[in-house]
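Take a look at the structure set out below.
Just so you know, all these numbers are worked out from the coordinates, no wet-lab data involved. From a predicted model like this one, the values you see are computed outputs, not experimental measurements. Counting neighbours? That spans all protein chains shown, and the Cβs are built from the backbone with ideal geometry, glycine included.
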Amino acid sequence: MIRLAETELDALPPGVAVPAARPAAIGIVHLGLGAFHRAHQVEFTDDALRLAGTPTAPWGICGVSLRTAGARDKLVAQDGLYTLVRREARGVERRVLGSLREARFLGDERHEVHARLAAPETAIVSLTITEKGYGHDPATGRLDPAHPELAPDLADLERPRSAVGLIVASLDARRLSHGRPYTVLCCDNLPHNGALVRGLVLDFAQRRDAALAAWIERHVAFPSTMVDRIVPATTPADVEENDRAIGMHDAAVVVCEPFRQWVIEDAFVAGRPPWELAGAEMVGDVAPFETMKLRLLNGSHSAFAYLGFLAGHEFVYQVAAQPEFVAYMRALMAEAAPTLRVPASVDLVAYRAALVERFGNPALPHRTKQIAMDGSQKLPQRLLGTIRENLAAGRPVTRLALAVAAWMRYVAGVDEHGAPIDVADPLKTEFAAIAQRHRGDARALRDALLGLRAVFGDDLPRDPRFTEPVGTWLEQLFRDGAARTVAVCNQRK
Ligand code: NAI
Ligand code: CS2
């Protein structure tokens, strides 16, 4: 079977949209060449340049993988081209995207990556490196200088391996040469993500060179964003299905839902593509959009991931097919709703209803296990912030506490049939030791996990309005299982 490539675009079937032209030059370097970037920011960029009538404008993307060569290898072999497959019950839409002009792997292309980051034409450095990629303390958002990925870079910045290290080193190179800054655009599911990355970069720079930190503070922009599109990890079956549909091999295909949203703080120091033409919302304050999305969508996603996995459901759409789980999700969102500053443009009732429908998309096999990953890095912005605000206001946290208890039940590492759970999380070693030490004692397990200050901070573990319901739910999860416990929770007022 022939391989997708520039020379084969005309051979694609008529139903597959292809880029009429591609950006000639690179204007964006993206760190974290994963599925979401290629299903979200790249499509927005393709559409923006096309709709502006400038498909070759110098906003080509150089995608950089910091950890593995796989994505680079697949994309280089296809001239950076790949199929985006939007799936929903009523059908499938396919298109080939063209804005990704380069794919690099830091491991064996360090010179090229540094050159791209330092190039005066690079106006934006964007990131999707996952919540765990920044070397910060999830509970406080502050730099963890002892973080295994940051400590070596703090000691020696000649060959940075961390995203923050790469950004600081490249900004220093720019300061000492052409003096042109770029905009740092975080597209990860983190609260106030621009301000968070700004704080990490400035702290890192200050530890190296106060003059550099002052230059960054003065010249570099770190706008916040809210990003939304459900993009499951691509499976071999997705590749085979797409190959059959397009009549050629595409090793880098990405699958997603039709829905997409991008809300961006309009603060750029060196220009940007006209993403608003593609439907991105350029705003002054992203926070209301981001809090709503992180607490309603992602909070529900994590609750479904842990409770759904424990109840034996491999995919989110299977969980969303269970009336008791949907009732619980609606109640969880209702519990979170009072903490939100709903943007004037948003109908919250419709937004919540749409989330239930999106989760129920049977054409999108999003694994509960994938969403369950890295919970120690996700719980603070998805559940714990909501809990703090409800407690401060004297409001209940019943449903939210069940979601936290479900995470604890999950990271205990044994499923409801006694089989081991392969817990993927930066704190997996700590979880395993805690689970081993407190096996059979739910409240001791709760207390030990609550002792993880990087996740829970100091306040929540001391508040019985939180710890008590978590303990009660955790005991019930061990005793009666997730499905039964969700049904009991739904009986609560
Ligand atoms: P992915 O697994 O396809 O890609 C993750 C990327 O991050 C890879 O390039 C990987 O090498 C890199 N990475 C992982 N750990 C890292 C570390 N410690 N340091 C540096 N790079 C690291 O995942 P995907 O789907 O692209 O998601 C990435 C992020 O995008 C998510 O964590 C989330 O913050 C955001 N996102 C994802 C959505 C989705 O539905 N997949 C939707 C909305 C946001
Ligand atoms: C998911 C998110 O994997 C996860 O943690 O909750 O990636 C989710 O798919 C996106 O935020 C949807 O926009």
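Placing R0 at 45 angstrom, the Cβ-Cβ distance between residue 491 and residue 88 gives a FRET efficiency of 0.85 after rounding to 0.05. The distance linking the stretch 207-244 with the stretch 79-106 is 17 Å (Cα centroid to Cα centroid, whole angstrom). Dipole magnitude for the stretch 166-287: about 720 debye, using +1 per Lys or Arg Cβ and -1 per Asp or Glu Cβ, origin at the Cα centre. Taking every DSSP beta bridge that has both ends in the chain, the antiparallel portion is near 35%.
Going from the residue with the fewest nearby Cβ atoms within 10 Å to the one with the most, 428, 132 rank 428, 132.
Here the label points at residue 158 and residue 458, each 7 Å from Cα along the C-beta direction, are separated by 4.1 nm in the simple model. Using the Cβ-Cβ distance between residue 261 and residue 349 with R0 set to 22 Å, the FRET efficiency works out to roughly 0.80. Distance distribution note for the stretch 6-283: the fraction of Cα pairs above 25 angstrom is 44%.
Here the contact order of the chain, divided by its residue count and restricted to Cα pairs under 8 Å and six or more residues apart, works out to 15 percent.
Put a plus charge on the Cβ of each Lys and Arg, a minus charge on the Cβ of each Asp and Glu, and nothing anywhere else: the dipole of the stretch 6-283 about its Cα centre is then about 400 debye.
Using bins of 10 Å that start at zero, the share of Cα-Cα pairs per bin across the stretch 287-490 amounts to 9, 38, 38, 13, 1, in whole %. Rounded, prolate or oblate: which fits the stretch 225-316, taking a ≥ b ≥ c as square roots of the Cα gyration tensor eigenvalues, rounded meaning a/c under 1.5, else prolate when a/b beats b/c? Since a/c reaches 1.5 but b/c is at least a/b, the shape of the stretch 225-316 is classed as oblate. Quick check on the stretch 395-493: take the gyration tensor over C-alpha atoms, sort the square-rooted eigenvalues as a ≥ b ≥ c, and tell me if it's rounded (a/c under 1.5), prolate or oblate. Oblate. Put in order of Cβ neighbour count within 10 Å, fewest first, the listed residues 387, 2, 124, 26 become 2, 26, 124, 387.
Whole angstrom only: what separates the Cα centroid of the stretch 459-482 from the Cα centroid of the stretch 390-433? The distance from the Cα centre of the stretch 459-482 to that of the stretch 390-433 comes to 10 Å.
Toward the positive end of the charge dipole of the chain, with +1 on the Cβ of Lys and Arg and -1 on the Cβ of Asp and Glu, the farthest Cα among 39, 454, 274 is that of 454. Find the percent of Cα-Cα distances in the stretch 315-369 that exceed 12 Å, and round it to a whole number. Beyond 12 Å sits 68 percent of the P(r) for the stretch 315-369. Going by alpha carbons, how many degrees (0 to 90, nearest 10) lie between the helix axis of 398-411 and the longest principal axis of the chain? The helix 398-411 is inclined about 70 degrees to the chain. Treating each Cα of the chain as one equal point scatterer and applying the Debye formula with no solvent, the log10 of I(q)/I(0) at q = 0.11, 0.12 Å⁻¹ comes out as -0.95, -1.12.
Counting other Cβ atoms within 10 Å as a rough exposure proxy, the listed residues 410, 351 run 351, 410 from fewest neighbours to most. Pairwise Cα distances in the stretch 53-151 exceed 25 Å for 37 percent of all pairs.
Need one word for the stretch 44-93: rounded, prolate or oblate. Basis is the Cα gyration tensor (sqrt eigenvalues a ≥ b ≥ c); a/c below 1.5 gives rounded, then a/b vs b/c decides. Since a/c reaches 1.5 but b/c is at least a/b, the shape of the stretch 44-93 is classed as oblate. A simple spin-label model places the labels of residue 177 and residue 207 2.6 nm from each other, with each point 7 Å out along Cα-to-Cβ. DSSP beta bridges fully contained in the stretch 6-283 are about 30 percent antiparallel. For the stretch 28-92, the relative contact order works out to 39 percent when only alpha carbon pairs closer than 8 Å and six or more residues apart are counted.
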